[in-house]
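Single-structure report; data block below.
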Amino acid sequence: MPPSSNKCCLVARTRVPENLPEHIQSLVELADRFALETLQPLSAAVDAGTRTADDARRAAIAASKEAGIFRMTQPPEFGGTAAGPLAIVAVRETLASHNPRWLSDMFGPGPGILANSEEPIRSDYLLPTMDGEKLAGFGFTEARDAPHYTRAKREGETLVVNGQKSYVTRGTEVDFINVLADIEDEGRAFIIIDSNAPGVSKERVFGTIDGSEHAAFKFDNVRVPQTHMMGVPGEGMRKAMRQIGNTRLTMAAESAGLIRFVIQFVDAHIRRVEAKAGVNDTTRLRYGELRIQAYAARSTVYRAAHLADSGANVVNESIAAKAFASETLGRTVDTAIQIVGGGALMNNHPLATLYRQARSLRVAEGLTDVLNANIARGALDLNMGTL
Ligand SMILES: Cc1cc2nc3c(=O)[nH]c(=O)nc-3n(C[C@H](O)[C@H](O)[C@H](O)COP(=O)(O)OP(=O)(O)OC[C@H]3O[C@@H](n4cnc5c(N)ncnc54)[C@H](O)[C@@H]3O)c2cc1C
């Protein structure tokens, strides 16, 4: 086989961003148009004060449904199109490359912890969540000073829950929380707890540097029917890890897209400065380094997505993609601020906002140190993970 055709076939098998299957390439073009023609004007209207942020966010979600983006993350049984991991990564990465408001809201919630639930949970929680009528919280992280892990005791047909969860995102808005708890003497399981149930209190509401809001919850003899336990005791941690694992690839895609946004921002800045006064060699070197990092991060994310699309177990590859892309985003924004200068540190400057967002992406769904330890464990103890 001549070397050139060999090269062609290797490229064709690798789902790098330049060589996506036709239907995914169409989705990428759709996402680009959606960001430019829908999200940017809505965002500009908020900045100009002609629309409230909430009204514009609702309009963006409605437009995402109309465009077919919202339902990509939902299974067909709930009216979704269940686009595969590669399509979801490609669309999310493309949208993120425009650094839009409301990125996460553009994708519909998946069944998550409630997957395969039966009646009455299906009608009371799963279906309203999929329709966007109810909002679920994720109760995983424990309060540091908690006297014991959140626990539940069986009493007849009831579970009695006591404990604390310290970091529930959108805690002031959630209708219910999927709480990971120790079922006494049996193992961990998720329990659905309504946020306004007797015995549930919000101990603290706090914002984080990325602009998101969270709440710490306390459960004091909260009584829920046993039907609110998802699956059997002992399965809870595995369910939690699966849920977190699925989210990692989307966070990797978001990081890769934001890296692209930063590169475009720096590129435009350097060209402007160059036209006026010329750019020094250090800036050029820094910019070159940024582009190499961006190339590596995007390649890593698309490779993991391609593997996921082929049905492979990508626990380790998703971890690698999330850790590498979020860390690269952190370094990229830091260098971009160095290149642009003090103006980039002003509040509301896109790079200042991204600096805070990047720091958060390096913690949420797994601190990089913890992910590194997991990768080592996967390789050394379980013989898992590709290079
Ligand atoms: C934006 C955002 C949203 C979040 N949303 C939610 C939510 O909705 N629900 C929820 O339950 N939680 C949520 N969290 C919490 C998040 O899951 C935890 O902050 C994260 O898992 C880290 O846990 P921790 O804060 O307890 O830190 P720890 O795990 O205690 O880590 C602290 C330090 O110990 C080191 N460390 C810990 N373990 C290891 C190890 N095995 N090897 C090496 N070093 C280690 C870390 O590097 C770090 O320096 C959110 C966090 C953020 C930032």
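The values are calculated or read from the model by the stated rules, or taken from the named source; none is laboratory data. Remember, it's a predicted structure, so these values are computed and weren't measured experimentally. Cβ coordinates were reconstructed from backbone atoms using ideal geometry, including for glycine residues, and neighbour counts include every protein chain displayed.
Worth pointing out:
- Single unsatisfied condition, residue 259 versus (1) crowded, with 21+ Cβ neighbours inside 10 Å; (2) free of Cβ contacts under 8 Å to residues at least 60 places away in the same chain; (3) among the β-branched types (Val, Ile, Thr): (2)
- Annotation: of all residues in region 226-244 being surrounded by fewer than 18 Cβ atoms within 10 Å (Cβ to Cβ) and not hydrophobic (A, V, I, L, M, F, W, C), the one that is nearest to the chain's Cα centre (by Cα) is 242.
- Residue 211 fulfils the conditions (1) within 16 Å of the ligand (Cβ to nearest atom); (2) at pLDDT 95 or above except for a single criterion, (2).
- Where residue 220 falls short, out of the listed (1) assigned by TED's automatic domain parsing to the domain that holds residue 163; (2) within 13 Å of the ligand (Cβ to nearest atom): (2)
- The residue of region 318-366 that is nearest to residue 208 (Cα to Cα), among those that are without any contact (Cβ under 8 Å) to a residue 40 or more places away in the chain and under 14 Å from the mean Cα position of the chain (by Cα), is 363.
- Residue check for residue 248: assigned by TED's automatic domain parsing to the domain that holds residue 365 and either away from the ligand (no atom under 16 Å from the Cβ) or at pLDDT 95 or above (or both): yes
- Residue 172 being farther than 26 Å from residue 75 by Cβ, surrounded by 14 or more Cβ atoms within 10 Å (Cβ to Cβ), of a type in the set (Val, Ile, Thr) and within 15 Å of the ligand (Cβ to nearest atom): no
- Given (1) over 30 Å from residue 312 (Cα atoms); (2) without any contact (Cβ under 8 Å) to a residue 60 or more places away in the chain; (3) assigned to a helix (DSSP H, G or I), number of the condition residue 122 does not satisfy: (1)
- Residue 101 part of a loop (DSSP other than H, G, I, E, B), in contact with a Ser or Thr (Cβ under 9 Å, 6 or more places away or on another chain) and within 15 Å of the ligand (Cβ to nearest atom): no
Residue-wise test of (1) outside the structural domain of residue 143 (by TED's automatic domain parsing); (2) in contact with a helix residue (DSSP H, G or I) (Cβ under 7 Å, 6 or more places away or on another chain).
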| site | (1), (2) |
| --- | --- |
| 229 | no, no |
| 259 | yes, yes |
| 273 | yes, no |
| 276 | yes, no |
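- Scope region 104-115; condition assigned to a helix (DSSP H, G or I) and within 15 Å of residue 69 (Cα to Cα); matching residues: 104, 105, 106
- Take the conditions (1) within 16 Å of the ligand (Cβ to nearest atom); (2) modelled with pLDDT of 95 or more; residue 365 misses just one of them, which is (2).
- Residue ranges of strands (runs of 3 or more DSSP E) in region 147-256 with at least 3 members of a type in the set (Lys, Arg): 151-155
- Summed over region 152-169, residues that are away from the ligand (no atom under 16 Å from the Cβ) and in contact with a strand residue (DSSP E or B) (Cβ under 9 Å, 6 or more places away or on another chain) total 9.
- Complete set of residues in region 368-387 that are within 11 Å of the ligand (Cβ to nearest atom) and polar (S, T, N, Q): 368, 372, 374
- In region 126-146, residue nearest to the ligand (Cβ to nearest atom) [restricted to those that are in contact with a Leu (Cβ under 7 Å, 6 or more places away or on another chain) and in a helix (DSSP H, G or I)]: 129
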